[in-house]
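K.L.:
Pasting a structure here, questions to come.
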Amino acid sequence: MKWNRLLPKLHVYGGLLCTGFLIMLGFSGYVHQHHPKFIQHEGRKASWEQRIQSPDIEDRLVFKQAIRDSLGLFGHTPWWKDYKDSTGISHFMISRPGKEYWVTEPLSGDLFLVDEHRTGILNVLNQLHPLGAGMQGHGKGPGFIILWKWVSLALGIIAIMVLCITVYYWYTWSVKKKHWWYYILGAALIPITLYIMIWLVG
């Protein structure tokens, strides 16, 4: 009897607790995958030069993270924001909630150029994916990064519990006839088949 009383409360209040989180996560997932133009708004800009020793590292990701740390910045370094211009000069981005830094590497010497862009609130939502994952290799950032990682983990677990309770209620209340199992099995096979195809191709 106590379990029957707990499940409805967990279903309702757990769902309400996760609503805002899931909306933000869904929006950031859309932006992360499709990169719409309205998210690219940039505010005020600052630029500076800084002399640092260029590390002798072959791995590009580790190299960029070492540059970031030497510059005293934090954030992740998205691989798709890294290129060489027509003169052979390399540029890469360091991205964090609310700010983006474009780093220009010198062809020779140790003078690095940094362009700082202040981004809007929608860009902060876009950063939920790397931030929720702990922003791997984010450098020495503030404590809210670790805090958000654990908050998002807790809310994710609650969301999964709410989903399982929803499936349980649907099963106990709706699956009354045997032929419904064929519909359930057919629907379940769609993502499973896609998953197997991706695994085989990959």
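The values are calculated or read from the model by the stated rules, or taken from the named source; none is laboratory data. From a predicted model like this one, the values you see are computed outputs, not experimental measurements. FYI the Cβ positions are ideal-geometry reconstructions off the backbone, even for glycines, and counts take in every protein chain you see.
K.L.:
If you go through the range 173-202 one residue at a time, how many are under 31 Å from the mean Cα position of the chain (by Cα) and under 28 Å from Pro8 (Cα atoms)? It would help to see each step written out before you state the result.
P.N.:
Residues of the range 173-202 that are under 31 Å from the mean Cα position of the chain (by Cα), as a first pass: 187-202.
Then drop every residue that is not under 28 Å from Pro8 (Cα atoms), which leaves 187-188.
Here the count works out to 2.
K.L.:
Is it the case that some residue within the range 29-40 is among the small types (Gly, Ala, Ser) and closer than 30 Å to Thr166 by Cβ? Spell out the reasoning first.
P.N.:
To start, the set of residues in the range 29-40 that are among the small types (Gly, Ala, Ser) comprises 29.
From what's left, closer than 30 Å to Thr166 by Cβ: 29.
Yes: the range 29-40 contains one or more residues that are among the small types (Gly, Ala, Ser) and closer than 30 Å to Thr166 by Cβ.
K.L.:
What number of residues within the range 149-191 satisfy the criterion of being touching a residue at least 12 places away in the same chain (Cβ under 8 Å) and either at positive phi or among the polar types (S, T, N, Q) (or both)?
P.N.:
Count: 2.
K.L.:
Sticking with this one: Conditions: (1) surrounded by 11 or more Cβ atoms within 10 Å (Cβ to Cβ); (2) assigned by TED's automatic domain parsing to the domain that holds Leu163. Ser90 meets all but one. Number of the miss?
P.N.:
Unmet condition: (2).
K.L.:
Have a look at Leu163, Leu185, Leu153 and point out the one that is of a type in the set (A, V, I, L, M, F, W, C), part of a helix (DSSP H, G or I) and loosely packed, with under 12 Cβ neighbours inside 10 Å. Before you say what the answer is, go through the steps one by one.
P.N.:
Values: Leu163 fails: loosely packed, with under 12 Cβ neighbours inside 10 Å; Leu153 fails: loosely packed, with under 12 Cβ neighbours inside 10 Å.
It is Leu185.
K.L.:
Another question about this same structure. Can you pull out every residue in the range 68-85 that is surrounded by 13 or more Cβ atoms within 10 Å (Cβ to Cβ) and either under 22 Å from the mean Cα position of the chain (by Cα) or farther than 15 Å from Val114 by Cβ (or both)? Walk me through it before giving the result.
P.N.:
Start the filter on the range 68-85 by keeping residues that are surrounded by 13 or more Cβ atoms within 10 Å (Cβ to Cβ), which leaves 68-71, 73-78, 81-82.
Answer for the range 68-85, where residues must be surrounded by 13 or more Cβ atoms within 10 Å (Cβ to Cβ) and either under 22 Å from the mean Cα position of the chain (by Cα) or farther than 15 Å from Val114 by Cβ (or both): Arg68, Asp69, Leu73, Phe74, Gly75, His76, Thr77, Pro78, Lys81, Asp82.
K.L.:
Any residue that is among the charged types (D, E, K, R) and touching a Leu at 6+ places or on another chain (Cβ under 9 Å) - is there at least one of those in the range 53-75? Even if it seems obvious, please write down each step before you answer.
P.N.:
Step one: of the range 53-75, the residues among the charged types (D, E, K, R) are 56, 58-60, 64, 68-69.
Keeping just the survivors that are touching a Leu at 6+ places or on another chain (Cβ under 9 Å) gives none.
No - not one qualifying residue is present in the range 53-75.
K.L.:
So if I check each of Gly202, Gly141, which one is surrounded by fewer than 10 Cβ atoms within 10 Å (Cβ to Cβ) and modelled with pLDDT under 85?
P.N.:
Working: Gly141 fails: surrounded by fewer than 10 Cβ atoms within 10 Å (Cβ to Cβ).
After applying the criteria, what remains is Gly202.
K.L.:
For the range 168-182, what are the residues that are surrounded by 11 or more Cβ atoms within 10 Å (Cβ to Cβ) and either at pLDDT 80 or above or not aliphatic (A, V, I, L, M) (or both)?
P.N.:
Of the range 168-182, the ones surrounded by 11 or more Cβ atoms within 10 Å (Cβ to Cβ) are 168-171, 175, 180.
Tyr168, Tyr169, Trp170, Tyr171, Trp180, listed by residue number.
K.L.:
Another question, if that's okay. In the range 52-86, how many residues are touching a residue at least 12 places away in the same chain (Cβ under 8 Å) and either farther than 27 Å from Asn126 by Cβ or not in a loop (DSSP other than H, G, I, E, B) (or both)? Even if it seems obvious, please write down each step before you answer.
P.N.:
Of the range 52-86, the ones touching a residue at least 12 places away in the same chain (Cβ under 8 Å) are 52-55, 60-61, 64-65, 67-71, 73-79, 81-82.
Those left that are additionally either farther than 27 Å from Asn126 by Cβ or not in a loop (DSSP other than H, G, I, E, B) (or both): 52-55, 60-61, 64-65, 67-70, 76, 82.
Within the range 52-86, residues that are touching a residue at least 12 places away in the same chain (Cβ under 8 Å) and either farther than 27 Å from Asn126 by Cβ or not in a loop (DSSP other than H, G, I, E, B) (or both) number 14.
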